[in-house]
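Written out below as structure tokens is the structure these notes cover.
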Amino acid sequence: MENKDEKNGEQEQVVNPWEVSAKDGGKIDYDKLIDKFGCQKLDQSSSELSHVKRVERLTGRPAHVFLRRGVFFAHRDFDDILNAYERGEKFYLYTGRGPSSEALHLGHLVPFMFTKYLQDAFKVPLVIQLTDDEKCMWKNLSVEESQRLARENAKDIIACGFDISKTFIFSDFDYVGGAFYKNMVKVAKCVTYNKVVGIFGFTGEDHIGKVSFPPVQAVPSFPTSFPHLFSGKDNLRCLIPCAIDQDPYFRMTRDVAPRIGYHKPALIESSFFPALQGESGKMSASDPNSAIYVTDSAKDIKNKINKHAFTGGQESIEKHRKYGANLEVDIPIKYLNFFLEDDAELEHIKKEYGAGHMLTGEVKKRLIEILTELVERHQRARASVTEEMVDAFMAVRPLPNMFD
Amino acid sequence: MAYSKEQLLARLQELQIEFSKYEHPVVMTVEEQAKYVGNKGGALTKNLLLKDKKHRYYIVSALPHTKVDLKVLALRLGVGKGGLRMAPDNTLGEILQVPPGCVTPFALVNETARNVSLLLDQGFKTQDCCFFHPLSNDMSISLNTHGLDKFLKSIEKEPIYVDLEANPQVGKDQPGDLAAFVPSTSMVLPDPQENESSSQTLAGNQVSAVSADGKSMAVKAKADKPSSTSKNVKVQPANVAKSSLRSADIEKFVDEILEKTSTLFLSEITEDSIKQHGEKLGDVLGNSIRKHLTSDLRNLATIFKNIAYTEGFYAGTHHQPKRL
């Protein structure tokens, strides 16, 4: 377990599903993380063989901003997925959310925005797991409250634009049982108590609910967990877009898969979305000013970016014009990296801002424009999501056109 | 069904109520409205649709500078501390049958708004006349309180003027002074969007009538789960201005596509661009449409598809088997 390493008095960075913190309150070292976890870096070079280029060729459309800019930067077996796809073998997508709060911010949307792109580009089905049981256990919510949050979050997820004819959303409390549970037991039999303690850091004080949870998040990687969707397609591969802190679950899953006769799921992993206060800041549900929420009004966004975004601009205009901005720590630039689609415009802004010709105010203004449009679009889509639509997305039903 | 602006104006004329009317582009806020009628003499008004925990609705109509404190109002109405919230956007359409940004006392003319309580700022009485929307945001009418009262009485509504800024003591021995104005019936909408499990609050919901001598029933607010952190009391009329598709309405869908496309056209066909591209302007526009609209229109179509599928799903799950 990646505990605080007290050797040499140094604090290592901590990255696991329940805690993410950098060394000495600095930035996360992603290269070190890839090394430690043992996943691969995505090839974003301009080479024709790079992942980005391959994806563009296979899908016949430009790669998503997050892929081009290295937001999704690591993977496991993404090549296998692409090779199989080239041969005409499809796959399905699996992602999820732990519904711990009603307030969703932009960082929460990132994996869903990318997954929607993958669904559209590759024309493949998607299962979305809402781990209400996990939050019930870890955040000590009541069963009813976690189920309610799951449904509320489902609405925001649906608002990201998933195609209902190719998407199955389920909550653990609703769906666990039957074939899904059978797979859970198969997985559980393959992971010793010691192993799970080693991966997730459980202690003797943790209740048995936590200890037996990991299989729940593992088995959506296996098509046989969804007989109403994939019956007869036992060999279907699975690609999991997620944030890199979820890697431990799937390391465990990949270890177990061949032992129970299944394909290892492939992963494509993203870096963390920075808080408004900077990389070392923490986005916290109790501090509304640490992030842009999907319920924010245009006024809120303007206010938050102008007053709370950490910038790399210099203290005075003269100094700024002389030295330029520190792009390494500038949050508006980092956010633009996520959300400004036009590569040329981003390059231009970085160049001018870094050289001190463009002022922080201008960069912020552009960001506010983009975020406002994004959030407003989301809110409009969200307003169209009815309870019936949530029921339909979550119904255990066949998806006959899921590969069309 | 729902009263139209024209019907309302005709009604006012029938009742011989004097009013002036001003047409203007659609406005969503008092500030915008001020741009067009701010200098026409007469006071603008801000109008809020509020809802309490028992699904009872209130229109509060006030002068723009009158402070309306929902917490104080809630206590004065006897609906419990923190019991008043801004009503969600969809209720404007469902109960008042007006578009967002258009709350107005005149909406009470609609059947669906029969149980909505109306609280008017006593400050109106000091004004020559006041501006309200006549069921549509592209017009404002101004009339004095006599006219407004006459109208309200004609729809069997007693005009109630209140000092909205007053903050009287409310306690066990002093019930809220506005308790008599709480609606006697609550309205639960067929498609509840709220967080509170509204079906549960409804189950034992008896008529919480308030006795005439003003003794209000202390409504104990159920310990609200942290459900309302983000679904807070902000009304966002400007953000959800374009009413979102709620049913698989083909006309609305096509209208929105055409609107986006023509907006793009209009912005791109300028003197400069004609000079610049000449005959090729057609090609340039074609490319521009693809570049800027593809993702937008796809998103729109996905929403439409999801709505249509949901309607089919609902029909399927509720269909009755053929009788043999």
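The values are calculated or read from the model by the stated rules, or taken from the named source; none is laboratory data. Everything numeric in this text was worked out from a predicted model, so none of it was measured. As a convention, Cβ positions derive from the backbone with ideal geometry for all residues, glycine included, and neighbour counts pool all protein chains shown. Keep in mind that these areas ignore ligands, DNA and RNA; they rest on the heavy atoms of the full protein, side chains included. Shrake-Rupley method; radii C 1.70, N 1.55, O 1.52, S 1.80 Å.
Please list, ordered by residue number, the helices (runs of 4 or more DSSP H) wholly in the stretch A:91-168 having 3 or more residues that are within 13 Å of chain B (Cβ to nearest Cβ) and open to solvent by 10 Å² or more (accessible area, probe 1.4 Å). Break it down into steps so the answer makes sense when it comes.
Values: elements: A:106-122, A:132-138, A:143-158.
Here the list reads A:106-122, A:143-158.
What pairs come up if the first residue lies in the stretch A:185-210 and is without any contact (Cβ under 8 Å) to a residue 60 or more places away in the chain, the second is of a type in the set (A, V, I, L, M), and their beta carbons are under 6 Å apart, counting only those six or more places apart or on different chains?
Within 6 Å, the pairs are A:Phe202/A:Val211.
Would you mind stating whether B:Lys46 is modelled with pLDDT of 90 or more, under 19 Å from B:Ser117 (Cβ atoms) and among the basic types (Lys, Arg)? Before the answer, list the steps.
Numbers: modelled with pLDDT of 90 or more: yes; under 19 Å from B:Ser117 (Cβ atoms): yes; among the basic types (Lys, Arg): yes.
The answer is yes for B:Lys46.
I'd like the full set of residues that are assigned to a helix (DSSP H, G or I) and within 23 Å of B:Leu92 (Cβ to Cβ), limited to the stretch B:117-153.
So in the stretch B:117-153, the residues assigned to a helix (DSSP H, G or I) come out as B:122-126, B:145-153.
Result: B:Phe124, B:Leu148, B:Phe151, B:Leu152.
Show me the helices (runs of 4 or more DSSP H) entirely contained within the stretch A:321-404 in which 2 or more residues are open to solvent by less than 20 Å² (accessible area, probe 1.4 Å) and within 11 Å of chain B (Cβ to nearest Cβ). Even if it seems obvious, please write down each step before you answer.
Numbers: elements: A:331-339, A:343-355, A:360-383, A:387-394.
So the answer is A:360-383, A:387-394.
Between a residue in the stretch B:299-324 that is farther than 17 Å from B:Glu251 by Cβ and more than 7 Å from every other protein chain (Cβ to nearest Cβ) and any residue that is at pLDDT 90 or above and open to solvent by 60 Å² or more (accessible area, probe 1.4 Å), which pairs come within a Cβ distance under 9 Å, given they are 6 or more apart or on different chains?
Here the result reads B:Thr317/A:Asp391, each pair linking the stretch B:299-324 to a residue that is at pLDDT 90 or above and open to solvent by 60 Å² or more (accessible area, probe 1.4 Å).
Exactly one condition in (1) over 25 Å from B:Glu31 (Cβ atoms); (2) in a loop (DSSP other than H, G, I, E, B); (3) in contact (Cβ under 8 Å) with a residue 40 or more places away in the chain is false for B:Glu156; which is it?
Looking at each condition in turn, B:Glu156 falls short on (3).
Quick check on A:Tyr175: is it closer than 17 Å to A:Thr95 by Cα, more than 14 Å from chain B (Cβ to nearest Cβ) and open to solvent by 30 Å² or more (accessible area, probe 1.4 Å)? Working first, answer last.
Numbers: closer than 17 Å to A:Thr95 by Cα: yes; more than 14 Å from chain B (Cβ to nearest Cβ): yes; open to solvent by 30 Å² or more (accessible area, probe 1.4 Å): yes.
Yes, satisfied.
Taking A:Asp80, is it open to solvent by 40 Å² or more (accessible area, probe 1.4 Å) and either modelled with pLDDT of 95 or more or within 11 Å of chain B (Cβ to nearest Cβ) (or both)? Show your work before the answer.
Numbers: open to solvent by 40 Å² or more (accessible area, probe 1.4 Å): yes; either modelled with pLDDT of 95 or more or within 11 Å of chain B (Cβ to nearest Cβ) (or both): yes.
Taking the combined requirement at face value, the residue satisfies it.
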